[in-house]
Amino acid sequence: QVQLVESGGGLVQAGGSLRLSCAASGRTFSGYAMGWFRQAPGKEREFVAAISWSGALSHADSVKGRFTISRDNAKNTVYLQMNSLKPEDTAVYYCAARLAYYSGSIYLRNDDYNYWGQGTQVTVSS
């Protein structure tokens, strides 16, 4: 099965930047659509960004212009570059994966994904 491990979270001041990484084990990355979700205390898990196997992108309105999802298929890794961070971005960020029907398939719903990482904490201070 696919194993996903997030890294790169931490404590940062408002206006700062972080880059999250999600590494997939072995060759399990091939053919998978990927996504980033986040969950703040007392809130439901919400969509942040997604990317298809072929590189199609989608970002939530709340992060457009500030966050960018990308992937390096050769390294079996997906990234989330986070700039201009705000205190309301504070959450546990989760990497998710699913085998895509087509190379251009992109998925936005929590229930679309069946593989999840353990999460990495991002805390933004004011």
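Just so it is clear, none of the values below were taken in a lab; they were calculated from the coordinates. Quantities reported herein were computed from a predicted structural model and do not represent experimental measurements.
Distance between the C-alpha centres of segment 74-101 and segment 1-61: 2 Å, rounded to the whole angstrom. Counting only lysines at least 8 places from LYS64 when in the same chain, those with an alpha carbon closer than 21 Å to its own are LYS43, LYS86. Stretching ALA60 away from ASP72 to a fully extended chain increases their span by 2.2 nm, per 0.36 nm per residue minus the current alpha-carbon distance.
Over the chain, one equal point on each Cα, no solvent: what is log10 I(q)/I(0) by the Debye formula at q = 0.10, 0.23 Å⁻¹? Debye output, listed in q order: -0.27, -1.40. Based on C-alpha pairs under 8 angstrom that are at least 6 apart in sequence, segment 31-105 has a relative contact order of 41 percent. Our estimate of slack between LYS86 and SER17, defined as 0.36 nm per intervening residue step minus the Cα-Cα distance, is 23.9 nm.
For THR90, nonlocal amide neighbours, meaning residues 5 or more places apart or on other chains whose placed amide H falls under 5 Å from its own, are VAL124.
Once the chain from SER125 to GLN3 is taken as fully extended at 0.36 nm per residue, the excess over their C-alpha distance is 40.8 nm.
Remark: relative contact order (the chain) = 37 percent; criterion is Cα-Cα distance under 8 angstrom and separation of 6 or more residues.
If you average the sequence gap of Cα pairs under 8 Å that are 6 or more apart and divide by the length of segment 1-63, what percent do you get for the contact order? Could the numbers behind the result be given before it?
Values: 74 pairs, mean separation 14.3, N = 63.
Contact order relative to length: 23 percent.
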